[in-house]
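Read through the structure below, which is laid out as structure tokens, and then see the notes.
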Amino acid sequence: MCAISGIYKKPGHNIGLKKYLERMLEIQHHRGPDAQGLWLSKAGGVGFAHNRLSILDLSEAGNQPMHSPDGDYSIVFNGEIYNYRELHQQLKAKGSLFRTHSDTEILIEAYRHWGETMLHHLRGMFAFALYDHADGSIFCARDRVGKKPFVYAQTSGGFVFASEIPAVRQVEGVDAGYDHDAIAAMLLHNLRHIPDPHTAYRGIKRLRAGHAMRVRQGTIENIWRYWTPTQSNIPTTPQHLRTTLQEAIALRMRADVPVGALLSGGIDSSAIVAMMQEYVTQPIHTYALGLDRNDEDLRRAKLMAQQLGTIHKEFYFDPEEQWRIFNQLIATYGEPIMLLPLVHTYTLCRAIRDDGVKVVLSGNGADELFYGYSGHINTLRISQVLDKVTPLRSILKPLKYTRLSWLAVKPGARKAAFYNSIARSTWKHCLSNVAIDTFANRAAEELEYWGQLCPSGHYIDESNFVGLMVENTHSVTIAGDLPAMAASIEIRSPFLDQEVIDFALATPAELKIPDINNKDWLKAILRDSVHDLLPESLLKAPKRGFGSGIQEADLLRGAWRDRAEEVMESPNLVGGLFNKARIQQQWKGFLNGDVVASQVAKQLALQCWLCGTSG
């Protein structure tokens, strides 16, 4: 687990590679404080840098940038290849010789034997750049659902990449002008971040999840999608789900350092910790956070910790400290993002680091995959209606120019159409009319891109798949990277294992929500698969999200109100993007109870980010 960065300059351009790479190493130090390395090609056209958080093969032999013994390949890699032992045996049988016990060397040898198709052999979370010396190109890739970030910029002088936006911004020639379309997308409906491949800056992009890239002579030659979401052919029974989860957890217990867990007391994290017990001989360290000692989340977590005999610690919400962390995470991320659980997770990760634990498992992704939110009941109702009328879509054509127009759209594009239908009415509360009239809807574009790839034609499955890939990445994949790496630890998410995802994609919604009249029995197949591991009081307890006791609205009307009010009073209008009077009216509407908290919270994150970027 690490930070990667690199530059490939165009022929004839003079870029001070070493100078910029040293800056990138410094700014991403938090992602890998154990070691750092910098490499420049003999001809000086390519340079890689790497900050290391040592998890596998703790020796110096595992440091990066790593080079093959024959000098044919050089690589920087961030992430974990969980099936590295199995790949080691396969590649050894093909003649590969290994000098280390690291998964980084596995990537080099996998590329040597399989080329770009190596990606289909990998089971893990990853972002890497591999320089093929003979071919003169860099091969870059990101894991299937984007658990690890890959940020890049194409400039007039060359190609730049890193794990985080602030590192890319260090390099001269990167266009750091604001991307108004991308910023506006964050304000829509469930989004609390800017959706990939866009960032807040015109010249900086993210490689989409499940995509790869080839760069030659400092220029992007090709970007393609290597992953096609598929449904598992395993029978969708609770027993098979349990087996698949156990395997995912066993793979994620592979580490040369202690492995702990985040324990909220909910179904997901509790089941993970219970299954982790099979692979340890010492008590597991578990961590939880809540509002105060009376928080229901903490009560549930303590009950589960006592049953499992873990070494358990709990922490309480401190609004002053959390405000500082909130701004720190925005600065680290390099663009606006609004999600209080990110702040809570950082608080826990910092304590975990201080305990000497470097790796923790979490329950990220279970709700998106197995339908654990109360809103999924309404989504299923809509989906069941659409299943009946889809063959008669022509009946819905009169809805074309109404807020319900998305109902008449073909499967795969319905969530995107919904975002298009609400865009103007959402934006008018804070953006200028001139800006609204010129916008492209980046959120809708991405929702349609991924929606077309959903292997199910049912709306609830489409909605949740694009939720996983676009809408909810702030609480799924970003949540598994940003707060952990900011605190120099690693989060692993068994529910985001590709085999678990394939299983979930194959599971009918009726097995996830068997009774739309029972909001307390969501994720039914998951509950059934782990029913013997949890006390009945937790198994049947109503759903609570991480940090449910700390509500955004209460915080903005309470401990953070003065700070938020100060920000809203003098907002940065981003060159005509925002309308000051509308922002202030939106804030007043929230205080009066007429505007939902999420809208002003996202504006707060935007303004805090703008204050940071302007000094």
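Can you find, within region 493-521, the residue that is nearest to the chain's Cα centre (by Cα) among those that are closer than 24 Å to Trp450 by Cα and among the charged types (D, E, K, R)? Working first, answer last.
The first filter runs over region 493-521 and keeps only residues closer than 24 Å to Trp450 by Cα, leaving 493-513.
Those left that are additionally among the charged types (D, E, K, R): 497, 499, 502, 510, 512.
Details: Asp497: 13, Glu499: 18, Asp502: 18, Glu510: 27, Lys512: 23 Å.
This residue is Asp497.
Which count do you get for residues in region 174-195 that are without any contact (Cβ under 8 Å) to a residue 24 or more places away in the chain and β-branched (Val, Ile, Thr)?
First, the residues of region 174-195 that are without any contact (Cβ under 8 Å) to a residue 24 or more places away in the chain: 179.
From what is left, the residues that are β-branched (Val, Ile, Thr) are none.
The number of residues fulfilling the criteria is 0.
In region 414-431, which residues are surrounded by fewer than 18 Cβ atoms within 10 Å (Cβ to Cβ) and in a loop (DSSP other than H, G, I, E, B)?
First pass over region 414-431, keeping only residues surrounded by fewer than 18 Cβ atoms within 10 Å (Cβ to Cβ): 422, 424-426, 428-429.
Matches in region 414-431: Lys428, His429.
Looking only at region 505-538, filter to residues that are at pLDDT below 90 and not charged (D, E, K, R); which one of those is surrounded by the most Cβ atoms within 10 Å (Cβ to Cβ)?
Looking at the filtered set, the residue picked out is Leu538.
Got a sec? Which of Gly593, Gly589, Gly547 is at positive phi and out of contact with any strand residue (DSSP E or B) (no Cβ under 9 Å at 6 or more places or on another chain)? Before the answer, list the steps.
Working: Gly589 fails: at positive phi; Gly547 fails: out of contact with any strand residue (DSSP E or B) (no Cβ under 9 Å at 6 or more places or on another chain).
That would be Gly593, the only listed residue that is at positive phi and out of contact with any strand residue (DSSP E or B) (no Cβ under 9 Å at 6 or more places or on another chain).
Name every residue in region 38-53 that is surrounded by 15 or more Cβ atoms within 10 Å (Cβ to Cβ) and either outside any strand (DSSP E or B) or over 26 Å from the mean Cα position of the chain (by Cα) (or both), in order of residue number. Talk me through it step by step, then tell me what you get.
If we filter region 38-53 for residues that are surrounded by 15 or more Cβ atoms within 10 Å (Cβ to Cβ), which is where we start, we get 38-41, 45-53.
Result: Leu38, Trp39, Leu40, Ser41, Gly45, Val46, Gly47, Leu53.
Would you confirm whether any residue within region 75-96 is part of a loop (DSSP other than H, G, I, E, B) and surrounded by fewer than 16 Cβ atoms within 10 Å (Cβ to Cβ)? Talk me through it step by step, then tell me what you get.
Kept after step one, since they are part of a loop (DSSP other than H, G, I, E, B), are these residues of region 75-96: 82-83, 94-96.
When the remaining residues are screened for being surrounded by fewer than 16 Cβ atoms within 10 Å (Cβ to Cβ), the result is 94-95.
Scanning region 75-96, I find at least one residue that is part of a loop (DSSP other than H, G, I, E, B) and surrounded by fewer than 16 Cβ atoms within 10 Å (Cβ to Cβ), so the answer is yes.
Filter region 218-233 down to the residues that are of a type outside the set (Ser, Thr, Tyr) and surrounded by 15 or more Cβ atoms within 10 Å (Cβ to Cβ), then identify the one that is farthest from Glu116 (Cα to Cα).
Here the answer is Gln231.
This table checks each residue for (1) outside any helix (DSSP H, G or I); (2) farther than 22 Å from Val257 by Cβ.
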| residue | (1), (2) |
| --- | --- |
| Leu289 | yes, yes |
| Asp297 | no, yes |
| Arg300 | no, yes |
| Leu303 | no, yes |
| Glu335 | yes, yes |
| Val357 | yes, no |
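Which residue pairs have Cβ atoms under 9 Å apart, sit 6 or more places apart or on different chains, and have a first residue in region 115-137 that is loosely packed, with under 15 Cβ neighbours inside 10 Å and a second that is of a type in the set (Asp, Glu)?
Ala134/Asp72
Can you pull out every residue in region 201-240 that is part of a loop (DSSP other than H, G, I, E, B), without any contact (Cβ under 8 Å) to a residue 60 or more places away in the chain and closer than 23 Å to Ala182 by Cα?
Those that are part of a loop (DSSP other than H, G, I, E, B), without any contact (Cβ under 8 Å) to a residue 60 or more places away in the chain and closer than 23 Å to Ala182 by Cα: Arg202, Gly203, Ile204.
Can you report the number of residues in region 437-483 which are closer than 19 Å to Asp181 by Cα, surrounded by fewer than 21 Cβ atoms within 10 Å (Cβ to Cβ) and at pLDDT 95 or above?
Adding up the residues that qualify gives 3.
Kindly indicate whether Ala331 is assigned to a helix (DSSP H, G or I), touching a residue at least 12 places away in the same chain (Cβ under 8 Å) and farther than 30 Å from Ala250 by Cβ.
On the way: assigned to a helix (DSSP H, G or I): yes; touching a residue at least 12 places away in the same chain (Cβ under 8 Å): yes; farther than 30 Å from Ala250 by Cβ: yes.
The answer is yes for Ala331.
Does at least one position in region 61-73 carry a residue that is buried (at least 19 other Cβ atoms within 10 Å of the Cβ) and closer than 17 Å to Ala153 by Cβ?
Checking region 61-73: not a single residue is buried (at least 19 other Cβ atoms within 10 Å of the Cβ) and closer than 17 Å to Ala153 by Cβ.
Go through (1) of a type in the set (A, V, I, L, M); (2) surrounded by 21 or more Cβ atoms within 10 Å (Cβ to Cβ); (3) assigned to a loop (DSSP other than H, G, I, E, B) for Leu56 and report which single condition fails.
If we test Leu56 against (1) of a type in the set (A, V, I, L, M); (2) surrounded by 21 or more Cβ atoms within 10 Å (Cβ to Cβ); (3) assigned to a loop (DSSP other than H, G, I, E, B), just (2) comes out false.
Find the helices (runs of 4 or more DSSP H) located wholly in region 504-615 whose residues include 2 or more that are within 30 Å of Asp461 (Cβ to Cβ) and either touching an Asp or Glu at 6+ places or on another chain (Cβ under 8 Å) or of a type outside the set (Asp, Glu) (or both), and list them. Working first, answer last.
Numbers: elements: 509-512, 524-529, 536-539, 552-557, 561-569, 580-591, 597-613.
The helices (runs of 4 or more DSSP H) meeting that bar are 509-512, 524-529, 536-539, 597-613.
Give just the number: which of (1) touching a residue at least 12 places away in the same chain (Cβ under 8 Å); (2) more than 26 Å from the chain's Cα centre (by Cα) does Lys19 not satisfy?
Just one mismatch for Lys19, condition (1).
The values are calculated or read from the model by the stated rules, or taken from the named source; none is laboratory data. Worth saying up front: this structure is predicted, and the values here are computed from it rather than measured. Methodologically, a virtual Cβ is constructed for each residue, glycine included, from the backbone with ideal geometry; neighbour enumeration extends over all protein chains shown.
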